[in-house]
Amino acid sequence: MKLLPFTLTLLLTFLFFGCNSDKETLQVETNITSSSGEKVDLQASGAQAYSWRQLSGTSVILVGANSATPSFIAPDVAMQETLVFELEAVTAQIQEKNLTLKKQVHITVHPKLSVEDSTDTGSTPLEMEPEQQEEAEEENDVAESTDTLPAPQEEVTEASDTDMNSTSGEVEAEQVAEVVNSSSKEVELEEQSNETNTTTNETNTTAETNTTQPTVSLKSLKLTLEKNSLNVDTNTTLKVVATYSDNSTKDVTNEVEWIYTDKLAIDIKNNILKTFHKDTNIFIQASLQNITSNAVALEIYKEINGHRLPPEPDPIVNNSTLLGIDTNDNGVRDDVERWVYQEYDEPIVQAVAMQNARAFQIILVDPSKARETTKFMEARLDCQSYYMYQDERKLIPRGTSLHKESRPLMLNTRERNRAYYEYNQALSGGVYPARDRSKYKESCDFNESKVIDGEWE
């Protein structure tokens, strides 16, 4: 008996420090910065199971929401925006009960910077065209040659000059003519030389251009989808545009190899993407000549009678808490909602079954308030009775019990069973008046016409 207090203290100490140790093992990067169009990788570690969902900000397609490292493409934003995600993780199990933690992650997305071509605004001297420059040089050469000629002699007018003077004048005239002729020939030779040099330069320039022309190579690939969100068993088109080193572009959709993260979700032939019967989110890329395109996220959902089903939750995380996972916040666990729409075909039956599931969730939250929340259980039963007995269409067959059919799934853990047991115990000994049968239809929490038309959520 003396050892009992010590043993109890040791047990409590183990449980206390065990819980803290498990909490410390969960590592999450809670603040991340990115830019529009970039692929963002969320990071977590140290847990047994993970479930991510987006709480706020521009909606994105989250790929791998039930993994430690989900990813998405940052949305295009005009100004800085913060996206908030919530991680729910199972960190450990003590006495057959899973310990769960929730953490928020903030992603700051900045607008993509636009790259503008820079322009040199500095003033520079104007340059002549080569032909104009050559003509100017020739004119200068001629002018210089003319300047070196001797000045013309004065005309001899006196007839009484001696023969010697006449002969001397003739010799001087001949000398002037020879000088002029010599200068003209020099100018002609210089022009011919310039023309030869110009032709040689043009030939050399052409040869250099032909020998230095670069080879055009693939620079990048841009992948786009006509639709980024598709129902199962539907199609969309893809397009891949290649940009080359000379800035030319070409549609190479039919030449690329495709890369995608789930081979069971889609099939791509040429430019047509077909989804199969699996709802999931995936990344798609294209590859050509060792160049890989941008990653594009594709959401594949399942829609039945106009109602989009939530994604399949991680079973470990979903069953670790009393209320489980409800990503669309409609009051029904995601696994139960998926079961309802895939189990029943008739829209009205689906609507009544969803009301039944919401009532279950309400009473499990706080069993001690059973006498207040039992009205929700009564309303779902009255609504079912209306379509089973009073409505002429008899949309719900006699003998159908949506309560009994859904109960195994609704109460699939010990904690949920215990809460339901406590609810019934709290109702014991109470007196409950009979309900007005004329108001059975009013007990339904949905709009019948919208349900039938597939317009309800």
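Things to note:
- The sole residue among Ala419, Ala379 that is modelled with pLDDT of 95 or more, aliphatic (A, V, I, L, M) and under 16 Å from Arg437 (Cβ atoms) is Ala379.
- Scanning region 69-110 for residues that are of a type in the set (Ser, Thr, Tyr) and out of contact with any helix residue (DSSP H, G or I) (no Cβ under 8 Å at 6 or more places or on another chain) turns up Thr69, Ser71, Thr82, Thr108.
- Residue list for region 216-234, restricted to those being in contact (Cβ under 8 Å) with a residue 60 or more places away in the chain and either of a type in the set (Gly, Ala, Ser) or in a loop (DSSP other than H, G, I, E, B) (or both): Ser220, Asn228, Ser229, Val232
- Filtering region 363-376 to residues that are surrounded by fewer than 18 Cβ atoms within 10 Å (Cβ to Cβ) and either outside the structural domain of Gly324 (by TED's automatic domain parsing) or closer than 28 Å to Pro397 by Cα (or both) leaves only Lys375.
- Scanning region 246-284 for residues that are within 20 Å of Ser229 (Cα to Cα) and of a type in the set (A, V, I, L, M) returns Ile259, Leu264, Ala265, Ile266, Ile268, Ile272, Leu273, Ile282, Ile284.
- Glu415 vs. criteria surrounded by fewer than 19 Cβ atoms within 10 Å (Cβ to Cβ), in contact (Cβ under 8 Å) with a residue 60 or more places away in the chain and over 16 Å from Gln350 (Cβ atoms): yes
- Cβ pairs under 9 Å, 6+ apart, first in region 317-330 and outside any loop (DSSP other than H, G, I, E, B), second among the β-branched types (Val, Ile, Thr): Val317/Val90; Val317/Thr100; Val317/Ile325; Asn318/Ile325
- Answer from Ser34, Ser51, Ser59, Ser67 - the residue that is more than 19 Å from the chain's Cα centre (by Cα) and either modelled with pLDDT of 50 or more or not in a loop (DSSP other than H, G, I, E, B) (or both): Ser51
- Residues of region 340-357 that turn out to be surrounded by fewer than 18 Cβ atoms within 10 Å (Cβ to Cβ) and not in a loop (DSSP other than H, G, I, E, B), as a count: 2
The values are calculated or read from the model by the stated rules, or taken from the named source; none is laboratory data. In this text, all values refer to a predicted model and were calculated from it rather than measured experimentally. Cβ atoms come from the backbone with ideal geometry, glycine included; neighbour counts cover every protein chain shown.
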